[in-house]
Amino acid sequence: MKTIYKHIFPVKALFLLELICGSVILSYMIHLFNNDIYPNIWTFAGPMLGAALILTGLRGSKINEINIDASQGIIQISKVSISTTKIIKIKLTDLKSELIFGDGRNSFLMRNLLLKKLQLVIFDADQNVAEIKSNFLGLNNDTIRKLHGKIKEISNQ
């Protein structure tokens with residue numbers, strides 16, 4: 001089994017961090033409201049941000065690692081959430097991937113001038129199985145491009 005992608009940070013720790021940050025923001029906003037302090041735009045944005053972080057921490061899932069087993073002819077994708085781990089197996093003959101720029105547009109401005117927002121979509125016989133998106137400021141764009149190249153190379157063999 002050969003690992004071609006491994007998430008940099010422990011995924012469950014990231015979800016736990018989202019839960020903690022969301023809880024802190026929400027409890028701070030409740031403390032302000034109990035003391036009759038209404039901080040302008042944060043009156044609405046603060047509780048919504050806290051609730052969104054809590055929901056993302058509880059319901060979100062990320063790809064932790066991608067492994068190739070050439071002897072069996074499969075690729076294994078491990079998706080992790082805060083409570084479960086799901087392993088998706090795809091036959092190498094059915095494997096396809098697509099690299100999408102920004103919001104689906106492949107324009108000159110998005111590719112060359114602005115910060116590139118990439119999304120790698122992995123398909124199992126024309127069915128969307130997994131997605132890896134750029135993180136803050138596109139710091140993992142090189143990793144996404146390399147992974148796309150490896151998947152293309154594997155699927156062409």
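Of all residues in the stretch 84-98, how many are of a type outside the set (Lys, Arg) and modelled with pLDDT of 90 or more?
Step one: of the stretch 84-98, the residues of a type outside the set (Lys, Arg) are 84-85, 87-88, 90, 92-95, 97-98.
Retained after the next criterion (residues that are modelled with pLDDT of 90 or more): 84-85, 87-88, 90.
Residues flagged as of a type outside the set (Lys, Arg) and modelled with pLDDT of 90 or more within the stretch 84-98 amount to 5.
Among what's in the stretch 5-44 and is surrounded by fewer than 14 Cβ atoms within 10 Å (Cβ to Cβ) and among the small types (Gly, Ala, Ser), pick the residue that is nearest to LEU139 (Cα to Cα).
Only one residue tops the list, namely ALA13.
Name the single residue that is nearest to GLN119 (Cα to Cα) among those in the stretch 143-157 being open to solvent by 100 Å² or more (accessible area, probe 1.4 Å) and assigned to a helix (DSSP H, G or I). Working first, answer last.
Applying the first criterion (open to solvent by 100 Å² or more (accessible area, probe 1.4 Å)) to the stretch 143-157 yields 146, 153, 156-157.
If we keep only those that are assigned to a helix (DSSP H, G or I) as well, we get 146, 153, 156.
On the way: LYS146: 13, GLU153: 18, ASN156: 21 Å.
Filtering the stretch 143-157 for residues that are open to solvent by 100 Å² or more (accessible area, probe 1.4 Å) and assigned to a helix (DSSP H, G or I), the one nearest to GLN119 (Cα to Cα) comes out as LYS146.
What about ILE63, is it modelled with pLDDT of 90 or more and not in a helix (DSSP H, G or I)? Talk me through it step by step, then tell me what you get.
Details: modelled with pLDDT of 90 or more: yes; not in a helix (DSSP H, G or I): yes.
Taking the combined requirement at face value, the residue satisfies it.
The values are calculated or read from the model by the stated rules, or taken from the named source; none is laboratory data. It should be emphasised that the depicted structure is a prediction, and the values quoted were computed from it without experimental measurement. Here the Cβ is made from the backbone with ideal geometry for all residues, glycine too, and neighbour counts use every protein chain on show. Surface accessibility is based on the protein's heavy atoms, side chains included, excluding ligands, DNA and RNA. Shrake-Rupley method; radii C 1.70, N 1.55, O 1.52, S 1.80 Å.
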